[in-house]
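First up is the structure itself, then whatever we jot down about it.
The values are calculated or read from the model by the stated rules, or taken from the named source; none is laboratory data. Since we're looking at a predicted model, the values are computed, not measured. Ideal geometry is used to build each Cβ from the backbone, glycine not excepted, and the neighbour counts take in all protein chains shown. Side chains included, ligands, DNA and RNA excluded: accessible areas come from the protein's heavy atoms. Shrake-Rupley method; radii C 1.70, N 1.55, O 1.52, S 1.80 Å.
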Amino acid sequence: MKLDDHQGNPHSQNQKVPLKFIIEGKEYETFDQYKTGAELKQIAGIPLDTELFLSISKPYDDELIENEKQVNLARPETEYFFVKKKLQFFINNKPFTWYKQYIRGVQIRELGNISAEDDIFLDIKEGWQDDQILDDEVVDLARPGKEKFFSKLKPTEFTIIVNARPHIWKEANISFEQLVVLAFGSYDNNPNKGYTVTYSRGWEPKPEGTMVKGSVVRVKNKMIFDVTATDKS
């Protein structure tokens, strides 16, 4: 006796076809009928605090998908998800996409897999000095054009100018007391002896300022220090 098609393949009606959906132009598949906004973001590598939208045919407004909202992916049409704010930039000539206006230096370091032994710079127009980006510095990616960051090995020594005389310095930082020694050959702890240290051509956001006893500043090549001594007696 001949079986009909359904009897011959009892599982044919129960086999699931994967559901397709698109996030930021890239197609994904799932066997889950529902996904939350948070799950969709995690699939596409989008930060959870970024707004994700479901594209709705005009004249309707696109739908904001909150992290906890469940989306039915089994509807007849393919669902298209997108973010409205995304910024492109480069790290060592490799393109990256960021979903916020601002990015920190440490985030650039992590994205570009940049060693702690390397400094990070923002490429500035030819003829101008490139801007070094410190780990705790914030960069605005929404400025015109695409920002280009690059890394290079930290210098092992610096030339600093102390009281108009150049000195080679091989440490990342220099202290108030070390500057006094460079200027006068020794540091006098006598309470009647006082020192004043000022600097310029240092790092942003405070390229110039005054140091006090016990303070330290980060050294920059060709940084200028003025050290004076006073006798309080």
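Near the amide H of Thr36, within less than 5 Å, lie the amide hydrogens of Val71, all on another chain or at least 5 residues away, with H placed in the peptide plane. In a DSSP loop and with at most 16 other Cβ atoms within 10 Å, the GluC sites (Glu not before Pro) in the stretch 104-200 are Glu117, Glu126, Glu157, Glu171.
Reducing the stretch 186-233 and the stretch 60-85 to their Cα centroids gives an inter-centroid distance of 59 Å. Ordering Val162, Ser151, Ile124 by Cα displacement along the dipole of the chain toward the positive end leaves Val162 in first place; charges were set at the Cβ atoms of Lys, Arg (+1) and Asp, Glu (-1).
Relative to the 2.2 N^0.38 Å rule of thumb, the chain has a C-alpha radius of gyration ratio of 1.71.
Can you tell me the accessible area per residue over the chain, all protein chains present, probe 1.4 angstrom, in square angstrom? Let's see the in-between values first.
Values: 15520 Å² over 233 residues.
Per residue, the chain has 67 Å² of solvent-accessible surface.
For chymotrypsin sites (Phe, Trp or Tyr not before Pro), the sites in the stretch 73-166 that DSSP calls loop and that have at most 11 other Cβ atoms within 10 Å are Trp128. The alpha-carbon of Lys35 sits under 19 angstrom from the alpha-carbons of these aspartates and glutamates, leaving out residues fewer than 8 places away in its chain: Glu24, Glu27, Asp49, Glu51, Asp62, Glu63, Glu66, Glu68, Glu77, Glu79.
In order along the stretch 88-104, the phi-based Karplus estimate (6.51 cos²θ - 1.76 cosθ + 1.60, θ = phi - 60°) of 3J(HN,Hα) comes to 9, 8, 10, 10, 6, 6, 9, x, 9, 10, 10, 9, 10, 6, 10, 9, 8 Hz; Gly and Pro are listed as x.
Rounded to the nearest 20 debye, the dipole size of the chain about its Cα centre is 560 debye, using +1 on the Cβ of Lys and Arg and -1 on the Cβ of Asp and Glu. Each Cα pair under 8 Å and six or more residues apart adds its separation to the average, and for the chain the resulting relative contact order is 13 percent. Carbon-plus-sulfur fraction of the accessible area of the chain, 1.4 Å probe, in percent? Carbon with sulfur: 49 percent of the solvent-accessible area.
Close amide-amide hydrogen proximity is noted between Ile133 and Ile120, Phe121, Leu122, each under 5 Å apart and 5 or more residues distant or on a separate chain (H modeled in the peptide plane; Pro and chain starts excluded). Do any trypsin sites (Lys or Arg not before Pro) in the stretch 131-170 lie in a loop, going by DSSP, with at most 16 other beta-carbon atoms within 10 Å of their beta carbon, and if so which? Passing sites in the stretch 131-170 are Lys146, Lys170.
About its Cα centre, the dipole of the stretch 87-153 is roughly 380 debye, where the only charges are +1 on Lys and Arg Cβ and -1 on Asp and Glu Cβ.
With contacts defined as alpha carbon pairs under 8 Å and 6 or more residues apart, what's the relative contact order of the stretch 19-83 in percent?
Numbers: 109 pairs, mean separation 29.2, N = 65.
Once normalised by length, the contact order is 45 percent.
When the stretch 19-83 is described by a simple charge dipole with +1 on each Lys and Arg Cβ and -1 on each Asp and Glu Cβ, the residue from Leu52, Gly25, Phe82 located farthest towards its positive end is Gly25.
Backbone phi angles across the stretch 167-175, fed through the Karplus curve with coefficients 6.51, -1.76 and 1.60 (θ = phi - 60°), yield HN-Hα couplings of 9, 8, 10, 10, 10, 6, 10, 9, 9 Hz in residue order; Gly and Pro are listed as x.
When the C-alpha to C-alpha distance is required to be over 24 Å, the pairs from Lys26/Lys85; Lys170/Lys222; Lys125/Lys152; Lys100/Lys154 that qualify are Lys100/Lys154. Sequentially through the stretch 199-206, phi angles give Karplus couplings (6.51, -1.76, 1.60; θ = phi - 60°) of 9, 8, 6, x, 7, 5, x, 10 Hz, Gly and Pro residues having no value and appearing as x.
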